[in-house]
1. 5 Å is the cut-off here: which amide hydrogens, built 1.01 Å from N in the peptide plane, fall below it relative to Gln190, excluding neighbours closer than 5 in sequence?
2. Show me 118-131, 20-33, 223-236, 74-87 ranked by packing, highest mean number of other Cβ atoms within 10 Å first.
3. Gly172's amide H: which non-local residues (gap 5+, or another chain) put their own amide H closer than 5 Å, with H modeled 1.01 Å from N in plane and none for Pro or chain starts?
4. Accessible area per residue of the chain at 1.4 Å probe, in Å²?
5. In Å and from the alpha-carbon atoms only, list the Rg and Dmax of the range 154-260.
6. Check the cysteines of the chain one by one and keep only those with no other cysteine Cβ under 4.7 Å from their own.
7. Between Ser183, Ser284, Ser163, which gets the highest mean-square fluctuation from a Gaussian network model of the chain, Cα cutoff 10 Å?
8. Strictly over 31 Å apart at the Cα level, which of Lys44/Lys229; Lys65/Lys177; Lys65/Lys258 would you flag in this model?
Amino acid sequence: MSTHHRLSPSPQTVHWGHFGATIPPVLRVASGDRVTIDSISGSKEEAARAANVLPDHAAVLEACKPHLGPHILTGPIWVEGAEAGDTLEVRIESVELRQDWAYNAVRPLRGGLPEDFRTLQVLNIPIDMARREARLPWGLTLPLKPFFGIMAVAPRPEYGMVSSIEPREYGGNMDNKELTAGSTLLLPVQVPGALFSVGDGHAVQGDGEVCLTALETALTGTFQLILHKRTGLTFPRIVTPTHYIAMGMDPDLDDAAKQALREMIAWLSEVKGWSALDAYVTCSLACDLRVTQIVDGNKGVHAMFPRSLLDAPAAMPA
């Protein structure tokens with residue numbers, strides 16, 4: 001029988017700004033277990049404008065400092081039996097808002113148009129939690145669609161300690177707004193135990209995340225973690241209620257698009273038995289390439305293929 005765990009952020013259960021294979025796990029779970037995880041977001045500068053900083057957030061800000069990147073990550077979680085070459089299936093059961101404020105930051109030399117916008121701006125934006133809306137200072141009201149910008153396993157040991165900013169094959173700062181409740185993320189395990197972490201809560205974000213940040217906030221997510229042995233998966237994949245999504249990540253946006261396309265061609269060939277050429281043609285007719293984000297060093301493109309066009313649900317990688 002599976003167990004339901006709870007993991008909250010504290011100075012002992014977060015790592016701030018980095019991933020690494022040697023970060024000790026703060027929770028151990030079995031395959032099939034469910035975990036409800038709280039996240040926090042924002043430095044002292046970004047939280048200073050809020051009237052009601054969560055107690056766990058305040059405790060982390062007081063005791064911890066960032067290293068390499070800005071994201072406060074809850075975890076990592078050890079999944080029993082996980083080894084390099086396995087796949088960790090992350091079923092996102094729910095994503096809920098934790099607080100009634102969020103922030104957005106524009107920073108010089110960063111973002112999609114650093115040559116046009118050289119001003120430092122940090123906005124505190126109120127959230128109506130009952131209506132799930134946020135009202136921007138210039139009057140626009142946005143419906144919220146919360147998701148975690150970062151879900152990741154630990155990188156391979158050879159990488160050492162790496163920044164939380166750049167997404168890679170282990171997941172990380174993918175900023176894919178399709179990863180809402182009801183979706184499933186497949187991550188290729190790099191190290192024993194997988195070492196799964198979550199953070200970078202987004203109340204809402206457009207594809208591209210063009211000014212550098214989304215509507216950044218604290219979230220609570222419930223996940224079921226399921227281990228699949230020796231799958232051969234090498235890059236993250238996403239299954240939503242409506243689409244199969246393959247990811248591409250590269251400093252060059254063109255190369256990120258090529259990777260996402262190659263990943264989708266391989267996936268369709270696995271699922272349907274099509275030749276690579278047939279899958280390539282099918283992608284040209286029915287697959288959408290979307291820009292995930294352009295601000296995280298490794299730019300992101302995701303390829304979306306409608307599930308309705310396939311005869312059977314997508315299988316796990318063989």
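The values are calculated or read from the model by the stated rules, or taken from the named source; none is laboratory data. Remember, it's a predicted structure, so these values are computed and weren't measured experimentally. No Cβ is skipped: glycine too gets one built from the backbone with ideal geometry, and neighbour counts run over all protein chains shown. Areas reflect the complete protein model, heavy atoms only, side chains present, ligands, DNA and RNA absent. Shrake-Rupley method; radii C 1.70, N 1.55, O 1.52, S 1.80 Å.
1. Ala154
2. 74-87, 223-236, 20-33, 118-131
3. Met151, Ala152, Val153
4. Details: 13400 Å² over 318 residues.
Ligands and nucleic acids excluded, the figure is 42 Å² per residue.
5. Just the Cα atoms of the range 154-260 yield Rg and Dmax of 14.2, 39 Å.
6. Cys64, Cys211
7. Evaluated over the chain, the most mobile residue of the options is Ser284.
8. Checking Cα-Cα distances, Lys44/Lys229; Lys65/Lys258 exceed 31 Å.
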